[in-house]
Structures are given as C-alpha cells and as structure tokens.
Amino acid sequence: MSLNKEQVKEIAQLAKLSISDSEIEQSTIELNNILSLMAELGEIETDHVEPMSHPLDMSQRLREDVVSEADLSEEFQEIAPKTGKRHFLVPTVIE
Amino acid sequence: MAWETVIGLEIHSQLNTKSKIFSGASTEYGAEPNTQACAVDLGLPGVLPVLNKEAVNMALRFGLAVNAKINQRSIFARKNYFYPDLPKGYQISQFEIPIVGKGAIGISTKEGGAKMVGITRAHLEEDAGKSIHDLYEDYSAIDLNRAGTPLLEIVSEPDMRSAREAVAYAKKIHALVQYIGICDGNMQEGSFRCDANVSIRKKDTEELGTRTELKNINSFKFLEKAINIEIERQQDILEDGDTVVQETRLYDAEKDETRSMRTKEEANDYRYFPDPDLLPVDIENELLTEIKNSLPELPTEKKNRFVSEFGLSDYDAENLTAQKPLADYYEAMLNDGAEAKVSANWVMGELSAALNKNQIDVQDSPISAKELSELVKRIGDDTISGKIAKDVFKAMWEGNGRVDDIIQNQGLKQMTDVGAIEGIIDGIIANNSEQVEQFKAGNTKLLGYFVGQVMKVTQGKANPKQVNQILNDKLS
Amino acid sequence: MHTLSVAELSKSLKNKEFSSVELTQHYLDRISHSDLNAFITVTDDLALSQARAADAKLANGSGSVLTGIPFAHKDIFCTKGVKTSAGSKILDPFISPYDATVSHKLNIENLVMLGKTNCDEFAMGSSNENSFYGPVKNPWNKTMVPGGSSGGSAAAVAGRLTPFATGTDTGGSIRQPSSLCGITGIKPTYGRVSRYGMIAYASSLDQAGPLTQTAEDAALVLNAIAGFDEKDSTSALRDVPDYTKTLRDSIKGLKIGIPKEFFSEGLDSSVEKVITESIKEFETMGAKLQEISLPNSAYAIPTYYIVAPCECSSNLSRLDGVRYGYRCEDPKNMDDLYLRSRSEGFGDEVKRRIMIGTYALSAGYYDAYYLKAQKVRQLISEDFKKAFQNVDIIMGPVSPTTAFELGAIKDPVSMYLADIYTLSANLAGLPGMSIPAGFSNNLPVGLQMIGNYWSEEVLLNAAHQFQTQTDWHSVLPENI
C-alpha cells in the first residue's frame, strides 16, 4: 500500500494539518518510506491472536459519583487564546 | 405508488448522575458558562478520564429494564473529529462492544396496535459542550459545562413504520428512563434528545432505502412533524425518479422544514479505536443481580397491576402509567383512601387538563395528591356533587385553601336534610301546577325540569339522588 | 557538591554540611553557565523559595530522605504556574494550571525544582533534535546528540546540572538518552507511576521514571513517585515496595537471559563488546547466563511505529488553539484556525506521526495497520512472558550505537531503526533500565536490563550490585 498526493492531502485535512503544495511531494515520499517499514507485519500469521490494547490485564476502576472539582474557570480562562465573558471564543462557526 | 416508511431512533439520554462521566465536575444544569468544566472536561494536556460508577449502574438499569443482553466486558473507544465544543478532538464513546446489547420494548398505537420494537444497543458516552453563535459579533462562544455529562445513547432497530409509532416508542423510552430514575427526561433542557433515521421503500420490498438522519428535535410533537415532512420529501424525490442523499438534516421548528446540515465534501471518518486511557469495563454477576432486584415496577408491570388491582380499563391504566410521576400521584390518592375509578377520572380529566394548560409537571402541581383525594372523598360521601367538585377544584388550584375549608367558606356543602328538600319541592310543585299535570299525564321527561328548579333554588347544593327520589315520590 | 549522588546529598543535608538553599544556588549557577541547552525553563525564584521551605523542614527534622534535593522535570510534566511546553511551539504559551501527580508527589516531599528540561517535541524523537527550543548537546562531546526524547534530562544529569531529573519513556526515551549520556535511567512497569499530568504521547506505552547517577538514587526517587493514583485509570492498585531495601541483596543465582535477537546485525561491534563484558561481570558476581529468543522482537519497530502514531494522532487533537496554547494570527474561520494553529504549532516529526496515525486508523486501513499491530504487540509480549518463565532478568544493549553527531541522521526511518532494542519493553509494558557499562570511542555505552512485570526491585538490585563492582557510573565528562 502506498499513498498518493491526493490521499496525503485528505489525511492532512482529517488531521487538521495544512500541507502546502511545495511540501506535498516530500511528505508523500517520507510517509511512503515509513509505511514501507510496516509492510513486514504482513508476513506474520495473526489470525488467532487477540489484539492487545493495554499492556496490563486489568479492569476499569470506577469512581464514586461525587462532585469533587471546584470552579477554576478564572484560572482556565486566563490561559485561553481568546475569551469573552466566561466563554472561549472562536471565529463564528456556521452550522 | 405505495410506500412504506422505515424509522429507527437514536435517543441520547443524559444520565442524572451528580458528577460527570469521566471527571468530578458537577452536572447541574444552568450554571454560569464554563464554571462546571474542570481540567479533565477542558481536555488540558495530561489529564485522564476515570469512569463514574453511577453512570455504569444506570446503563445497566436500562439494559435490564429492556431485557437486553448485557456485555459483561465492554470497551470505551475514541470517536475522532474536530469541533470547537469537543474539547479533546475526540468523544469518548463505545463502539464495537457497548455495555448494553440487544433488547426490546413494547409499544402500542391506535393504527398499528401493539408491537415490539427492537433495541440494537445502548452505549455510554460523554456529551459535548455547547457553541453559542448569537452572543458575540464575529465569534462563536464555547461553553463546556455540558462537556462530559454522561449520555446513554439508545439505538433502536429500524422497526417503526410511521411517525406515530416513532413517537410511541420515544415516549415509551422517555417514560422508562424516568421510571428507573436514570434521566430527568427534560426535553427542553436537552436531557432527552431524539435523532430519527428515516427512509422509505416500495411496499412489500425488503431492501432498505437510503436514509437521512433528522436532528435537532426537542419535543414529541416536532418528532412526529419532522418525520412526516421528511417522508413526504423523500416520496417527492423518489417519485420524480431522483435519489435520496444520505445526509444529516436539521429540523427547523419555526419553518416546519428539514434542511441539509452537513455540506462538507469530506466524508466523516471517525477513526474509532479503543481508548488507551480507559480499561475494559467488567461487570460482575453479583452487580447485575443487585441492580435487577433494585429495579422499580416497570411501566408495563404497573399497567397490568392497575388493571387487575383497581379494575381500570386498559386505556385508563396505560394513560395513568405513561409517566411515573402521574402514576405515583394516582397511587398516592388511592393510598389515601380515594376511590379508584373516580380518582382515575379526576387525574386524567381535570388535573391533567389544568397541568397541561399551565404547563406544570405533576410533581409541581398546586393540588397535592392528598388534597385531590380529599376532594374525591367528599364526592363519595355525598358532601358535594361532582359538579360542585369542579368549582372546588378550581378554588383549590387557585390556592384558596383546602377542600373542607372551601366547601365550608363558600357554603357549597350538599343539602342532605330530607325535610328541607321536601319543603323546597313542595313549594315548587305548588307553583308549577301546569307542569305537574303534564307529568302526571305521562310526560316523564319533565322530571328534569323539576330537578333543575330545585337546583336553581338550592344553588346546586341539593343532593341529586335525594331530589330525584323525593320528586318521584311526590309526583306519582 | 555537584558530583555527589542524591543519596550522598541527602546525608549532607541532614548533617547540615550545607543547606538546600546553598545547594540549589550552586546548581542554578551551574545551569546558568552551561551551554548544553538542557533546560527550557529555569525556575530560579521558585527553586530558592522551595529550598528555603525545605531547609525549614530539615531544621525541625520533619523532612524525608529527599527533602531539599534539587531536581529537574522533563518539560512534559505539568507544573502549576510554570510553563509546560512539551518541547513544542504549540504549548509555548501554556502555563499549566495544575500539577501532574509526579510533580505533586515530589512537591509534598519538599524537593526543589530547578526547572524544566528540554526534550523532543511531545517526546517524539531519539536525538532531542525535534525540540522547538533547539537541540541539546551531549556533555561527553558537544557535537553529539544526547539521545531522546528525555535528552535534556539526561544531559542535565550527566553534566551535573541537577542531581537527578524526571523523564518519560514511550519507546526508550529514558533508557536511550541515559545510555548515550552515561547515566542510570529506569522505565518502570506500565501502571507503576501515574501518568496524570504527564502530557500524553502514546497512552498505552508512556511511563515516567527517574534519570539518575546511580541505581541507589533511582530507587530513592522511584520510592517517591511510584504508586497508585486514583486520577489515572491505568495506574495499578498494588503496593510499592521500598526499593532501597533490596539493593544490597546478593544476586548470586540470578538468571539472566540474553536474547540472541539483540545481538544481530546492526549492533555496533564495539558497543557489543562493552555489553558482553558487562554481562560477564554479572556472571562473575554469581549470576547464571542463558541464551533466550524473543522471535517477534524484530517486528517491534513496525508495531511501535503504528501503535504510537495512532494514539498520538488522537492525543494531540486537543491541541487545537481553542482553549489554551498557540493560536494562529487572525484566523479567518474555524477551519483556518485549526489548520494554521496546528501546522504552525507542530514540528515536522510530530506532524509526520500524526499523519501516519490518522491514516492507520482511517476507514479501510484500520485492520491492516492498527489491528494488525495490536496483534503483533500481543505476540511480542507473549515472547517475554515465555522468557520470564525461565529467567529473572533480560540483558542486552540499549542502543545499537553510541551517541551520533548532531544533524547526522536526517531520514526519519533511519532514526526509528535506532530504537530497535528499547521498543519491545514498552509494547509489553515491562520495566526496563539503562546503566553505564563502559565506553566506546570515549562515548558512554549503556547496558539494558528488562525485568518481569512489577520487578523493578530486581532491576535496581542487579544494577546497584553492578555499580558496587564497577565505576562506569562515576566517570565524569571532561570539565565537570
């Protein structure tokens, strides 16, 4: 499997990264080089292997339903790029 | 051409936990913007989710209430997409293995009768925040208080064949989640949201047509309208020989139309994968047994009991049990000694009408179950007539005191003194000799006239039964 | 003072040979005169005030063994009120409003934070050249890389700019720079140290640990930072032993497995010689050597370079310029805000991994890449499970080479290949360690030790015993 420039553009859009036309050539080559590393996995027989999502065989721990968090909105708003009165602001989103 | 409609619903039910599904921030509705969004809800770098036990228990309550298969090992997955009110750039949801698997629930409609609607699955996920577009010029405002509120997404099979059935199903689920205490059901505040997948196909064909997903529906009335509008729209398209586009459409209640929502050329590719920050959720048998035993009487069970125990009709029992608060109100009246059928009539009649008219939930009714039961009892013990009772009800609604005080103060107590009623009747007979003769000549319809005269003189307070009896005695 | 280990400094502080303030000032002076570029942020004022608080505790005898000890945090641990950049432009404006659990644990023992160390952007890299704040120099040879991604931490410890530093290890990011800088570093079992507040690269692989001068110091620091954390669902609810207690135990009879796959082609022959000799030293000390096989470890690179990018592509989505961090100038609309903030904010390697991960998770490719990698991951960890039925510890090289020239490796794939020996411990979730084992061309070589789950004390014990017999760990770079 190897990627063409169009696919690279689509992936970039999905990942919200912009790739300029001058970069696309190089990016495509690099990504295909990396993907060629992955090809050898195809050699391995894994039909009856359980996929491993976690290194440890543990169950999810559940927390009690208790409100434990104080209102830190002022501190959080302080580090935001743009805020209004208590809101985070972004350019108008048209639905 | 004859078309058949196929509808499936996706219901997002906000679980009424105190804290969020993955953080300790409060879920209370209506707080100042962003004051209930903690570091985890904001998706600050480095923060991690920890699952709320109560959210899991609530999902299990639902699963057991619809006799669904419970997946005793379920997995949380990330649904990846960018949106400004989705703080992490992904929503934590369940994908391949949801906590609740296949189940079913019974519905009934006048046209379609009784049927079972399949539930495909119900999974836990986190709600997103809110984007507000009309608050600042040139900016959308993001409020993340809602972000992380636990949701149970209940997905039905495409088993409904009309908007009515879809509404019946939605109402049934709406009643159920409130019965089992997992959701407040408030559609205005968005605690209970319905998306409808609608398609049509030629009658007697198997293959499903292309569906559209209707969003932004915040009442049962709009659900019915939106579906019907969409069915018509799809029929027009197909009958013109065109094809329906699979897309999400927004229902606009003001214009009463649906319109295409996503114009993005890019198809959504959510790139689901197991969330590495969360481990598999394992449910022990003991917990399932415990939750099963703690489930309250469910709507269908309650309805059947109302029929057998109180002698109500199926119809009345169904109506009374549709909403748990109403059923509770009704049962409280009975526990207080009110008669079952008269109580049922009052709850479904005067009380429901007044609540609807004033848009008040039964829990907030100005007349308590105990007070209404007193009123019903005063009818039963002949203190007042049913007709007078309606006036008393109005006075109670307006806050003019308790039943007996109103009856006392307004002098509404029924006249039961036989001697006094006889005296009044004697006077009327004496003053209406012509009518008396006609009656005696066989025009028995005139009895009503005499009763009317008596009520006029007594201002409706004479006991109608006694009046009838005395009149019959005196005129025969 | 700066040549003393944490254990030695702790005694000196207790004996009032010098105060924490004096010690802290000494390190701050060293940092200010250093040209290693090991620090992104130096927190002078904070450090001195923490040192004063520590001195007060030491004066009334209420301090712990680490009270008053200066240290540096990899700039990937959130530290309240202090810039936490993860080596990235996108977090350059980010002043963390909260403390990571590891930071909190060190704070309550009154340690003194000197500052935040440089690292590869979001811990992605093996040379520390992927930092927005520029590359770090190796104290042994300033034209060489220190390794990565915890390169700033490793260089700072090796250059004695701090007694110890914290690091994170997703595919070798503690062990490899420790090896290249000639210091001791341990990556504990996944789940041993809380990940809360550690900026995530690949959540199922990331694990925090200390970079120190000695195994004894590593035990002391691990004692402080290990343990269950209710804020991290993947942290293990199990007791943490006192790692210093077993350091002095004899390693007679310790069964050491030598995986033949770790000595295949690609391993620099002079590195191989150092490793083989150091393993012989263990034999002299009474350990038993045994050749083992980890047949699937050859697939660690493709497996890791699918799993880690998939997880990071999702983990880094939160860096969107909405709530914190860098936002591009004058965004025209929401998409513009996303695209420019992220493209201007992330460096090339981070973008590459996001792209790979996004692709590997996308519809139609998930099974071939992500799912396949998760299955091979299972096979890799089964290899270890089998091996640990017969051996107590596995030993081999950390890295196929010693430190390489800054700028020498430009091709991403060549850089990835250098991670061959470290990745599998992360994929399996096992504890791994690097200890100084000798030199090749005047550059340090690290010996890797991989232990069974939750057997950090076995690694630390073996490492400490080795360090009682050898002095590779106390050799200093020139002019220190």
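The values are calculated or read from the model by the stated rules, or taken from the named source; none is laboratory data. If you're wondering where the values come from, they're calculated on a predicted model, not measured in any experiment. Positions of Cβ are generated from backbone atoms using ideal geometry, with glycine treated the same way; all protein chains shown enter the neighbour counts. The protein model used for the area step is the full one, side chains on, heavy atoms only, and it has no ligands, DNA or RNA in it. Shrake-Rupley method; radii C 1.70, N 1.55, O 1.52, S 1.80 Å.
Heavy-atom accessible area, probed at 1.4 angstrom with all protein chains present, ranks B:Glu4, A:Glu6 as A:Glu6, B:Glu4, highest first. For chain B, the solvent-accessible area with a 1.4 angstrom probe is 45 square angstrom per residue. Chain B contacts chain A over a buried accessible area of about 3900 Å², both sides summed; the probe is 1.4 Å and only protein chains count. Phi angles across the stretch B:434-449 convert, under the Karplus curve 6.51 cos²θ - 1.76 cosθ + 1.60 with θ = phi - 60°, into 3J(HN,Hα) values of 4, 5, 4, 5, 4, 4, 5, 6, x, 7, 5, 4, 5, 4, x, 4 Hz, Gly and Pro given as x. Burial of accessible area (probe 1.4 Å, heavy atoms of protein chains only) in the stretch C:324-344, relative to its chain alone, reaches at least 30 Å² for C:Tyr324, C:Arg327, C:Met334, C:Asp335, C:Tyr338, C:Leu339, C:Arg342, C:Ser343.
Sparsely packed loop sites in the stretch B:377-473 (the GluC sites (Glu not before Pro) outside DSSP H, G, I, E and B with at most 12 other Cβ atoms within 10 Å) comprise B:Glu398.
Surface calculation, 1.4 Å probe, protein heavy atoms: C:Trp472 sits at approximately 90 Å² accessible.
Taking only Cα atoms of the stretch B:1-118, what ratio of Rg to Rh do you get with Rh as the Kirkwood inverse-distance radius?
Ratio of gyration radius to Kirkwood radius: 1.06.
Close amide H partners of B:Lys102, meaning residues 5 or more places away or on another chain with modelled amide H under 5 Å apart, are B:Lys69. Solvent-accessible surface (1.4 Å probe) assigned to B:Arg259 amounts to roughly 100 Å². Taking a ≥ b ≥ c as the square roots of the Cα gyration tensor eigenvalues, the stretch C:174-231 comes out oblate, since a/c reaches at least 1.5 and a/b does not exceed b/c.
Residues in the stretch B:207-223 carry Karplus couplings, in order, of 5, 6, x, 5, 9, 10, 10, 9, 10, 6, 10, 10, 7, 5, 4, 5, 4 Hz; the curve used is 6.51 cos²θ - 1.76 cosθ + 1.60 with θ = phi - 60°, and Gly or Pro positions show x.
Determine the alpha carbon to alpha carbon distance for each of B:Lys110/B:Lys225; B:Lys110/B:Lys303; A:Lys9/C:Lys375; B:Lys324/B:Lys370 and list only those over 20 Å. Walk me through the intermediate numbers first.
Working: B:Lys110/B:Lys225 18 Å; B:Lys110/B:Lys303 17 Å; A:Lys9/C:Lys375 29 Å; B:Lys324/B:Lys370 17 Å.
With Cα atoms farther than 20 Å apart: A:Lys9/C:Lys375.
Size descriptors for the protein assembly as shown, from the alpha-carbon set: Rg then Dmax equal 37.3, 137 Å. Here the calculated FRET efficiency for B:Gln246 and B:His133, from their Cβ-Cβ distance with R0 = 30 Å, stands at 0.70, rounded to the nearest 0.05. Here the simple spin-label model places points 7 Å from the Cα toward Cβ, and for C:Lys288 and A:Asp71 these points are separated by 6.7 nm.
Modelled spin-label separation between C:Asp367 and B:Glu434, with each label point placed 7 Å from Cα along the Cα-to-Cβ direction: 9.7 nm. Heavy-atom accessible surface of the stretch C:185-332, averaged per residue, reaches 33 Å², computed with a 1.4 Å probe. Accessible area of B:Val281 (1.4 Å probe, protein heavy atoms only, ligands and nucleic acids ignored): about 0 Å². Taking only the Cα atoms of chain A, the ratio Rg/Rh comes out at 1.16, with Rh defined as the Kirkwood radius. Over all orientations, chain B has a Cα convex hull whose mean projected area works out to 32.0 square nanometres.
Once neighbouring chains are kept in place and the probe is 1.4 Å, which whole percent of the accessible area of the stretch B:1-141 is contributed by carbon and sulfur?
Values: 2410 of 4760 Å².
Result for the stretch B:1-141: 51 percent of the exposed heavy-atom area is carbon or sulfur.
Please grab the % of Cα pairs in the stretch C:301-408 that end up more than 18 Å from each other. When every Cα pair of the stretch C:301-408 is considered, 66 percent fall beyond 18 Å. Extending 7 Å from the Cα toward the beta-carbon at both B:Ala441 and B:Lys292 defines two label points whose distance is 7.8 nm. Counting only protein heavy atoms and a probe of 1.4 Å, the accessible surface of the stretch B:189-255 is 41% carbon and sulfur.
Using R₀ = 51 Å, calculate the FRET efficiency as 1/(1 + (r/R₀)^6) where r is the Cβ-Cβ separation of B:Tyr449 and B:Ser219; round to 0.05. Computed FRET efficiency for B:Tyr449 and B:Ser219: 0.55.
Note on the stretch C:140-272: with neighbouring protein chains present and a 1.4 Å probe, carbon and sulfur make up 46 percent of its accessible heavy-atom surface. Residues whose amide H lies under 5 Å from that of B:Asn34, counting only those 5 or more places away or on a different chain, are B:Leu144, B:Asn145; hydrogens are built 1.01 Å from N in the peptide plane. Taking a ≥ b ≥ c as the square roots of the eigenvalues of the Cα gyration tensor, an a/c ratio of 1.5 or more together with a/b no larger than b/c marks the stretch B:247-339 as oblate.
If you count Lys pairs in the stretch C:235-350 whose Cα atoms are under 21 Å apart, skipping same-chain pairs closer than 8 places in sequence, the total is 11. Using a 1.4 Å probe over protein heavy atoms, the accessible area lost on pairing C with A, summed over both chains, comes to approximately 5100 Å².
Near the amide H of C:Thr41, under 5 Å away, which other amide H atoms are found, from residues 5 or more places off or on another chain, if H is placed in the peptide plane? So C:Thr41 has HN proximity to C:Lys116. Applying 0.36 nm per residue to the separation of B:Glu422 and B:Lys102 and subtracting their alpha-carbon distance, the gain on full extension is 108.2 nm.
Ignoring lysines fewer than eight residues from B:Lys474 along the same chain, the ones with Cα atoms less than 29 angstrom from its Cα are B:Lys387, B:Lys413, B:Lys440, B:Lys445, B:Lys456, B:Lys461, B:Lys465.
Where a ≥ b ≥ c are the square roots of the eigenvalues of the C-alpha gyration tensor, would you call the stretch B:345-476 rounded, which needs a/c under 1.5, or, failing that, prolate if a/b is larger than b/c, or oblate?
Verdict is prolate for the stretch B:345-476.
Multiplying the residue separation of C:Glu329 and C:Ala59 by 0.36 nm and removing their Cα-Cα distance gives an extension gain of 92.0 nm. Is there a pair in A:Lys85/B:Lys18; B:Lys171/B:Lys394; B:Lys79/B:Lys292; B:Lys88/B:Lys255; A:Lys85/C:Lys89; B:Lys172/B:Lys221 whose C-alpha atoms are over 24 Å apart, and which pairs would that be? In this structure, A:Lys85/B:Lys18; B:Lys171/B:Lys394; B:Lys79/B:Lys292; B:Lys88/B:Lys255; A:Lys85/C:Lys89 exceed 24 Å between Cα atoms.
Give me the residues in the stretch A:1-16 whose solvent-accessible area, probe 1.4 Å, is reduced by at least 40 Å² once all protein chains are included instead of the chain isolated. Hits at the 40 Å² cut-off: A:Met1, A:Ile11, A:Gln13, A:Leu14, A:Ala15, A:Lys16. Computed from backbone phi, the HN-Hα couplings of the stretch B:422-431 come to 4, x, 5, 5, 4, x, 5, 4, 5, 8 Hz, rounded to whole numbers (Karplus: 6.51 cos²θ - 1.76 cosθ + 1.60, θ = phi - 60°; Gly and Pro given as x).
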